[in-house]
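Beneath this line is the structure, given in structure tokens, with notes to follow.
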Amino acid sequence: MNRRDVLAATAAAAISSTLTTRSAMSAKPKPVPPVARQEPRRIEQLGRVRTDEYAWMKDDNWQKVLHDPKLIKADVKAHLDAENAYFKAMMASTEPLQATMFEEMKGRVKEDDSSVPAPDGPWEYYTRFETGAQHPFYCRRPRGKADGEQILLDAEALARGKAFSEVGAAAHSPDHSLFAYAEDAQGSEVYRIYVKDLATGQILPGPVEDTYADFTFSPDSQWLFWTHRDENGRPDKIVRRPARGGAGSDVLVYHEEDEGFFIGVSTLAADTFIAIGCGNQETSEVRLIPASDPTATPVVVEPRKVGVLYDLEQWGDAFVIRTNAGDAVDFKLVKAPVATPGAAHWKDFVPHEPGRMIMGITAFKGHLARLEKADALNRVVVLNSRGDETVLRFDEEAYAVSLEGGYEYDTTTLRFVYQSPTTPKQWFDHDMATGQRTLRKTQEIPSGHNPADYVTRRLNAMASDGQEVPIFVLMKKGTKLDGSAPLLLYGYGSYGSSNEPTFNIRQFSLVDRGWVWAVACVRGGAEKGRGWFLDGRKFTKKNTFTDFIACAEHLHGAGYGKPANTVAFGRSAGGMLMGSITNMRPDLFAGVIAGVPFVDVLNTMSDPSLPLTPPEWPEWGNPLTDPEAYDYIESYAGYEQVAAKAYPAVLAYAGLSDPRVTYWEPEKWTSRLRRHTTSSNPILLWVNMEAGHAGSAGRFDYLKEVARDLAFATWAVDRGWTRA
């Protein structure tokens, strides 16, 4: 990454250090943080007034900056460069540890790895890496053969010479003649779709511009459909062109008028329809185009109704529809004729069971598989055409299982992935007709891994209102539960996204050093069903924060760490969690890592030009029109609630090209924290000037960023910063 230290040196000459440690003073001058200028901006809204002294950090030209980061305002860039230089100087002592941890994690990666091939007609498709490569090859070979490989895309070559390159989606046409891929070349999630003729190896002229990594070929391979993004970065149109056509042949298929709805396009598993999905967190609608007539006007399955969600697959002569209609909070399955799929014809198929959330369905010619979640653990249920059900069962106390979609509808093979915090990923093919299970691949850990050396536990913390909050814990066998082991507590808790007890090579660089790694399954996620999500959003959002605090207190009480050696960690909406708990209970943590943190909630939800604001009003409330929403958001927002407190050590990081959580949110937050903290604990900000929300695209570059986080956690505990 290109970072410059010049501005920090200039700042150091003008600002006295605010940091003290228990160790003796070094002869070398201490790094000093940049001091952001204050330009108080009075904001009046719904009869309420707030002052934002750092509003200037938002580049008024932010849409263009997303496309070209070099266009950022000079004063904003100068401050970000100074923050990066200060971060680098403060973390200099950890660089050997970062390098060691990076090599450890890299040693757990099989460098020349490949995916299990997915069969489709005469071919089987897969990805593979070469030793040392950051990006994969997309390949195919004749079905059932070990040779005859054809390279469809060399993503390593595609990325060569670029500061950022990520292939967000790739797919072959059903007739196997074309290959399309979507590349983001700046980290802003502005994709360009290219189509390759596999007979000639040539990229067809006229790539699709200003799109998402969301496209599909029509089942007859004659058309390409994709999702267009508007000038504010929101999906607004579904567009079609001939699969071998250019920009001049684009045709508008559907325009979504509601700026609060996301849209996307796909094909049903049976290849009988092209589906356009529209919706937000509480309402959805599906429109279908028959595969036999890809240029037909989309037809609505059931008109949108606020609070009703549904999606569907075709199974035989009927649609199977997953929906929450009729107070089915955790979803049920209904069936409807293909000719008349509207709600008037829905008949219950798999009834609603409170606490058992139907997460999704996968249709095959003779079987229907569904993924369910109950009490924070997943299971797979297979139904045959006679109505017989088979439940795939697993033995570990905490585990994760997921379905891995394939290309074929007329098959009895269901592929799933099993893993746990101690068990590396395993890919299985399950024969739905015979029940036979075949292990296709086990994740290889080249540096070695013995599951018996570790312990996974499932705990429950008691929330303030009596709810039990699940916690997954990973630690080395023999770890003493006397509070002496350092603890990293991770949380998310938004959008109904569940934390899964997965295997993660990153965790072991702390766990092998005696740490306890814990994951708090707080409300706002869906670990205990959709009701768990609904009880942690909008006007119940504070449950997310108090649940996390309850988890920390429970772990401390049970000997899994103590406040002086606990680090909290969350990203994105999990970073919003970090902002709130840092204000609410700074005494519980020695350090806080807030990755791309959504901490400026009130200002962001009051700016309808930002990409995610209108679609997320159902999630957080609309402070532009609803005084209750304004007051509630203000009462927990990380940025708004900063006050004179003894804050722990904080590391926040951002991506300059991030359209989801814009760089100025953590920039403003850390500046305000630094000005108000009454402790000597450092407040650090690092901004990736060449990437977006997910960080670096290369698999090894990303591990370097992980090593930075883990080294900060160790540093925050080991340095013993005072809380005076």
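For region 452-468, the count of residues that are in contact with a Ser or Thr (Cβ under 6 Å, 6 or more places away or on another chain) and exposed (fewer than 14 other Cβ atoms within 10 Å of the Cβ) is nonzero. Checking each residue in region 232-246 for being closer than 18 Å to Ser266 by Cα and surrounded by fewer than 18 Cβ atoms within 10 Å (Cβ to Cβ) picks out Lys237, Pro242. Here Gly536, Gly514 are screened, and the one residue that is more than 19 Å from Val717 (Cβ to Cβ) and either at pLDDT 95 or above or outside any loop (DSSP other than H, G, I, E, B) (or both) is Gly536.
If you check Phe319 against the conditions, is it at pLDDT 95 or above, surrounded by 18 or more Cβ atoms within 10 Å (Cβ to Cβ) and at positive phi?
Numbers: at pLDDT 95 or above: yes; surrounded by 18 or more Cβ atoms within 10 Å (Cβ to Cβ): yes; at positive phi: no.
So Phe319 does not fit the description; no.
Screening Glu500 with (1) acidic (Asp, Glu); (2) part of a loop (DSSP other than H, G, I, E, B); (3) under 26 Å from Lys480 (Cβ atoms) gives one miss only, at (3).
Can you name the strands (runs of 3 or more DSSP E) wholly within region 397-470 that have at least 1 residues being more than 30 Å from Lys106 (Cα to Cα) and at pLDDT 95 or above?
413-419, 426-431, 437-442, 454-462
A count restricted to region 489-514 and to residues that are touching a helix residue (DSSP H, G or I) at 6+ places or on another chain (Cβ under 8 Å) and over 26 Å from Val417 (Cα atoms) stands at 1.
Could you check region 205-220 and list, in sequence order, the residues that are buried (at least 17 other Cβ atoms within 10 Å of the Cβ) and either within 17 Å of Leu612 (Cβ to Cβ) or not aromatic (Phe, Trp, Tyr) (or both)?
We begin by selecting, within region 205-220, every residue buried (at least 17 other Cβ atoms within 10 Å of the Cβ); these are 207-208, 211-219.
Result: Pro207, Val208, Thr211, Tyr212, Ala213, Asp214, Thr216, Ser218, Pro219.
Given the residues Val299, Val338, Val320, which is the only one that is hydrophobic (A, V, I, L, M, F, W, C), farther than 27 Å from Gly524 by Cβ and free of Cβ contacts under 8 Å to residues at least 24 places away in the same chain?
Numbers: Val338 fails: free of Cβ contacts under 8 Å to residues at least 24 places away in the same chain; Val320 fails: free of Cβ contacts under 8 Å to residues at least 24 places away in the same chain.
Of the residues listed, the single one that is hydrophobic (A, V, I, L, M, F, W, C), farther than 27 Å from Gly524 by Cβ and free of Cβ contacts under 8 Å to residues at least 24 places away in the same chain is Val299.
Of the residues making up region 471-494, those that are surrounded by 20 or more Cβ atoms within 10 Å (Cβ to Cβ), assigned to a loop (DSSP other than H, G, I, E, B) and not aliphatic (A, V, I, L, M) are Pro486, Tyr492, Gly493, Ser494. Would region 324-344 turn up any residue that is part of a loop (DSSP other than H, G, I, E, B), hydroxyl-bearing (Ser, Thr, Tyr) and modelled with pLDDT of 95 or more? The answer is yes; a qualifying residue exists. The residue pairs whose first member lies in region 383-410 and is in contact (Cβ under 8 Å) with a residue 60 or more places away in the chain and closer than 24 Å to Ala170 by Cα, whose second member is basic (Lys, Arg) and in a loop (DSSP other than H, G, I, E, B), and whose beta carbons are closer than 6 Å, counting only pairs six or more residues apart or on different chains, are Tyr409/Lys365. Within region 683-722, the set of residues being at negative phi and in a strand (DSSP E or B) comprises Ile683, Leu684, Leu685, Trp686, Val687, Asn688, Gly692.
For region 64-85, residues that are part of a helix (DSSP H, G or I) and surrounded by fewer than 18 Cβ atoms within 10 Å (Cβ to Cβ) total 7. Checking every residue in region 164-172 against the condition of being closer than 30 Å to Ala291 by Cβ, surrounded by 14 or more Cβ atoms within 10 Å (Cβ to Cβ) and touching a Cys at 6+ places or on another chain (Cβ under 8 Å) gives zero matches.
For region 86-123, filtered to residues that are aliphatic (A, V, I, L, M) and over 28 Å from the mean Cα position of the chain (by Cα), the residue that is surrounded by the most Cβ atoms within 10 Å (Cβ to Cβ) is Met90.
Taking each residue of region 343-367 that is small (Gly, Ala, Ser) and crowded, with 19+ Cβ neighbours inside 10 Å and looking for partners that are assigned to a strand (DSSP E or B) and at pLDDT 95 or above with beta-carbon atoms closer than 6 Å, six or more apart or interchain, yields Ala363/Glu313; Ala363/Trp315.
So, in region 183-238, how many residues would count as being of a type in the set (S, T, N, Q), more than 25 Å from Gly655 (Cα to Cα) and outside any strand (DSSP E or B)? Outline the logic, then answer.
Within region 183-238, the subset of a type in the set (S, T, N, Q) is 186, 188, 200, 202, 211, 216, 218, 221-222, 227, 232.
The next check asks that each one be more than 25 Å from Gly655 (Cα to Cα); those that pass are 200, 202, 216, 218, 221-222.
Add one more test, that the residue is outside any strand (DSSP E or B), and what stays is 200, 218, 221-222.
The qualifying residues number 4.
Number of residues in region 494-517 that are acidic (Asp, Glu) and either within 17 Å of the chain's Cα centre (by Cα) or within 20 Å of Met578 (Cβ to Cβ) (or both) equals 1.
Determine, yes or no, whether Ser497 is closer than 30 Å to Gln443 by Cα and surrounded by fewer than 18 Cβ atoms within 10 Å (Cβ to Cβ).
yes
For the condition more than 30 Å from Asp718 (Cβ to Cβ) and free of Cβ contacts under 8 Å to residues at least 60 places away in the same chain, Thr613 qualifies.
Can we say Thr100 is under 30 Å from Arg513 (Cα atoms), assigned to a helix (DSSP H, G or I) and either out of contact with any Leu (no Cβ under 8 Å at 6 or more places or on another chain) or in contact (Cβ under 8 Å) with a residue 24 or more places away in the chain (or both)? Reasoning before the result, please.
Values: under 30 Å from Arg513 (Cα atoms): yes; assigned to a helix (DSSP H, G or I): yes; either out of contact with any Leu (no Cβ under 8 Å at 6 or more places or on another chain) or in contact (Cβ under 8 Å) with a residue 24 or more places away in the chain (or both): yes.
So Thr100 fits the description; yes.
Look through Ala520, Ala550, Ala526 and report the one residue that is on the phi < 0 side of the Ramachandran plot and more than 21 Å from the chain's Cα centre (by Cα). So that I can check it myself, show each step before the final result.
On the way: Ala520 fails: more than 21 Å from the chain's Cα centre (by Cα); Ala526 fails: more than 21 Å from the chain's Cα centre (by Cα).
Ala550 is the lone residue from the list that is on the phi < 0 side of the Ramachandran plot and more than 21 Å from the chain's Cα centre (by Cα).
Do we find that Arg304 is modelled with pLDDT of 95 or more, under 23 Å from Gly621 (Cα atoms) and either in contact with a strand residue (DSSP E or B) (Cβ under 7 Å, 6 or more places away or on another chain) or not in a loop (DSSP other than H, G, I, E, B) (or both) in this structure?
Working: modelled with pLDDT of 95 or more: yes; under 23 Å from Gly621 (Cα atoms): yes; either in contact with a strand residue (DSSP E or B) (Cβ under 7 Å, 6 or more places away or on another chain) or not in a loop (DSSP other than H, G, I, E, B) (or both): yes.
Criteria met by Arg304.
Per this entry, Gly536 is not counted among residues that are touching a residue at least 24 places away in the same chain (Cβ under 8 Å) and not assigned by TED's automatic domain parsing to the domain that holds Ser494. The residue pairs whose first member lies in region 164-176 and is of a type in the set (Val, Ile, Thr), whose second member is modelled with pLDDT of 95 or more, and whose beta carbons are closer than 6 Å, counting only pairs six or more residues apart or on different chains, are Val167/Ala155; Val167/Tyr181; Val167/Glu183.
Selection of region 172-187 for residues being closer than 16 Å to Tyr126 by Cα and among the hydroxyl-bearing types (Ser, Thr, Tyr) yields Ser173, Tyr181.
Per the listing Glu209, Glu257, the residue uniquely without any contact (Cβ under 8 Å) to a residue 24 or more places away in the chain and within 27 Å of Pro290 (Cα to Cα) is Glu257. Considering region 523-550, and only residues there that are more than 19 Å from Thr582 (Cβ to Cβ) and acidic (Asp, Glu), the residue that is surrounded by the fewest Cβ atoms within 10 Å (Cβ to Cβ) turns out to be Asp535. Val76 meets each of the listed conditions (1) over 31 Å from the mean Cα position of the chain (by Cα); (2) modelled with pLDDT of 95 or more apart from (1).
The values are calculated or read from the model by the stated rules, or taken from the named source; none is laboratory data. From a predicted model like this one, the values you see are computed outputs, not experimental measurements. For neighbour counting, all protein chains shown are included, and Cβ atoms are generated from backbone atoms with ideal geometry for every residue, glycine included.
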